[in-house]
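Before any comments, here is the structure.
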Amino acid sequence: MTNEKSFKEILLYQLSDYFTAKYKDIFDVFYKEDKYLAKKRIALYLSFQVISTLFIAIALIMIIQISWKEEFLVGSIYALVQAVLLANQNINTVSQGLISLCDHNLYLDELFAFFNIKPKQDSSRMLLRESGIQADSTIECIEFKNVSFAYPDQKELALKDISFKMKRGESLALVGRNGSGKTTVIKLLTGLYEDFEGDILINSISVRNYNKEMLYKKVGVIFQDFVQFDFSVRENIGFGSIGDLELDTRMWESAQHTGVDSVIRDLPNQLEQQLGRNFEGGIQLSGGQWQKIAISRALFKDADVYVLDEPSSFLDPESEKQVFKQFQKFVDNRLCLYISHRYTSVLYADKILVMEKGQIVEGGTHQELIENRGFYYNLFSDEIHTFQKALVINDVR
């Protein structure tokens, strides 16, 4: 739940309760067994302690009597004393075992102290969130207003005075070199970071004032480092909307939008098929198939906003084309934000913003940016000829 690759999807898809329940079921089994063994061990220790104490008491009485009557030799008395000392060592061993149990309790105290840690929240923001501002209405527009941001312990700004606006029914693509700040935009939009300058408005209300759980229900995200859950196909897709895990029809529809439904139908157990190699009977999918599963997970959520961060990095060109065609139909009349390095992907966006070093350096449609012969044209000049050739071949087909 806290792995750096998985916490984003767990947070945005609100899977913590599901995983906690799964963990608790397994933990309860081990806990009952450990509790039984601990009781048995303590009973055994106490039994030996009682026996050792009685033995020491009897031995001391005998030694005193023998010494008083002088019936045994000195060597025999010495042997009896050694026996008493050995018994005393056994008692010490038992005591040390009990002390060890107490030491283990200290670790449990730290564990429960960790569970009781509450997230730090500014009191003024808490008041705003409790004032009734919720993300329970349809998201109509999103606006970044002069947003600047630096990651914790980093002096250099990841975003510098970013401003743009998108409305319902529009799709926006962010392009640029690695490290230009594209993914950071998503992290701020989804509320993963709040300590930014400027403001992000959703329906003209600052994202800081939204109840985060309600906001997560309205945003479907597929990250470039998407998680490959070692669970069944049903869970891998259903995690997009954990409360609808049993809706088979809707799940198959989400799979059809990415074309992974044909792959699922060929699996031995279809939706119930275990994925990954960490468990017996699990089947490992290819990178492209896993990516289609992850996109299906985002589509399974009935969201107002869909954000795709490098959604086709593992897909071949033909699969990419089919996925984006289907996806464009699916997100019609919703807000969609793409991040991509691929020329073919951004063609489906209504508007393209070009980022460089945390700033927006160009904006417009694909055709407008190509005609400007600016940064966008230079960024994709090597791919233009290849893509146009592919279009001609497809038209011929």
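The values are calculated or read from the model by the stated rules, or taken from the named source; none is laboratory data. Note that the structure is predicted; figures quoted are calculated from it, not measured. No Cβ is skipped: glycine too gets one built from the backbone with ideal geometry, and neighbour counts run over all protein chains shown.
Within segment 241-277, the set of residues being touching a residue at least 60 places away in the same chain (Cβ under 8 Å) and in contact with an Asp or Glu (Cβ under 9 Å, 6 or more places away or on another chain) comprises SER241, ILE242. Restricting attention to segment 269-291, and to residues there that are modelled with pLDDT under 85 and either touching a Cys at 6+ places or on another chain (Cβ under 8 Å) or of a type in the set (D, E, K, R) (or both), which single residue is nearest to PHE229 (Cα to Cα)? If we take residues in segment 269-291 being modelled with pLDDT under 85 and either touching a Cys at 6+ places or on another chain (Cβ under 8 Å) or of a type in the set (D, E, K, R) (or both), then ARG277 is nearest to PHE229 (Cα to Cα). Among the residues of segment 335-354, those identified as surrounded by fewer than 22 Cβ atoms within 10 Å (Cβ to Cβ), modelled with pLDDT under 75 and not in a helix (DSSP H, G or I) are HIS341, ARG342, LEU347, TYR348.
The rows are residues; the columns are (1) surrounded by 20 or more Cβ atoms within 10 Å (Cβ to Cβ); (2) within 20 Å of LEU12 (Cβ to Cβ); (3) of a type in the set (Gly, Ala, Ser).
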{"site": "ASP199", "(1), (2), (3)": "no, no, no"}
{"site": "ASN209", "(1), (2), (3)": "no, yes, no"}
{"site": "THR258", "(1), (2), (3)": "yes, yes, no"}
{"site": "ILE264", "(1), (2), (3)": "yes, no, no"}
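Within segment 12-22, is even one residue in contact with a Ser or Thr (Cβ under 8 Å, 6 or more places away or on another chain) and modelled with pLDDT of 70 or more? Lay out the reasoning, then the answer.
Initially, segment 12-22 is screened for residues in contact with a Ser or Thr (Cβ under 8 Å, 6 or more places away or on another chain), giving 12-13.
Narrowing the set further to residues that are modelled with pLDDT of 70 or more leaves 12-13.
Yes, segment 12-22 contains at least one residue that is in contact with a Ser or Thr (Cβ under 8 Å, 6 or more places away or on another chain) and modelled with pLDDT of 70 or more.
Taking into account only those residues within segment 6-57 that are closer than 30 Å to ASN90 by Cβ and polar (S, T, N, Q), which is surrounded by the most Cβ atoms within 10 Å (Cβ to Cβ)?
Within segment 6-57, the first condition is being closer than 30 Å to ASN90 by Cβ, and the residues that meet it are 33-57.
Applying the additional criterion that residues be polar (S, T, N, Q) yields 47, 49, 52-53.
Values: SER47: 11, GLN49: 17, SER52: 19, THR53: 13.
For segment 6-57, the residue satisfying everything is SER52.
No other residue among ILE99, ILE42, ILE51, ILE91 is among the β-branched types (Val, Ile, Thr) and either modelled with pLDDT of 75 or more or closer than 30 Å to LEU192 by Cα (or both) apart from ILE42. Selection of segment 228-257 for residues being within 15 Å of the chain's Cα centre (by Cα) and within 18 Å of GLN273 (Cβ to Cβ) yields GLN228, PHE229, ASP230, PHE231, GLU235, ASN236, ILE237, GLY238, PHE239, GLY240. Here ARG373 fulfils each of the conditions (1) at pLDDT 80 or above; (2) under 32 Å from the mean Cα position of the chain (by Cα); (3) over 15 Å from LEU172 (Cβ atoms); (4) of a type in the set (Lys, Arg) apart from (2).
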